[in-house]
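A.B. asks: First, the structure itself, so that you have it in front of you.
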Amino acid sequence: MRRLIAALLSLAAFVFVLASGVKADCTIHVGSRTPPSEAHCHRVGTRSTDEGRVLNVYACRQ
């Protein structure tokens with residue numbers, strides 16, 4: 001019974017790792033400059049630094 005549970009947990013972890021890696025078709029860029037339009041980026045939020053500067057967060061397709 002313990003081996004069956006261990007095998008099922010291992011299989012579930014393997015499936016989770018494979019499923020979470022599917023979204024690898026975009027990159028995240030953080031900075032104050034806007035990326036070029038050829039990069040097909042869209043703004044997904046902002047972050048502020050310790051110095052108080054506001055940086056934009058962009059998701060770009062590869």
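A.B. asks: Please calculate how many Å² of accessible area the chain carries per residue, with a 1.4 Å probe and no DNA, RNA or ligand atoms counted.
C.D. replies: Here the residues of the chain average 91 Å² of exposed surface.
A.B. asks: Using alpha carbons only, how many degrees (0 to 90, rounded to 10) separate the axis of helix 2-20 from the longest principal axis of the chain?
C.D. replies: With both axes taken from Cα atoms, the answer is about 20 degrees.
A.B. asks: Kirkwood Rh, the chain, all Cα pairs: how many Å?
C.D. replies: 14.7 Å
A.B. asks: Which residues' amide hydrogens lie under 5 Å from the amide hydrogen of LEU55, considering only partners 5 or more residues apart or on another chain, with H built in the peptide plane?
C.D. replies: ARG47, SER48, THR49
A.B. asks: For the chain, what % of the accessible area comes from carbon and sulfur atoms, probe 1.4 Å?
C.D. replies: 59 percent
The values are calculated or read from the model by the stated rules, or taken from the named source; none is laboratory data. No experiment lies behind these values; they were computed from the predicted model shown. Areas reflect the complete protein model, heavy atoms only, side chains present, ligands, DNA and RNA absent. Shrake-Rupley method; radii C 1.70, N 1.55, O 1.52, S 1.80 Å.
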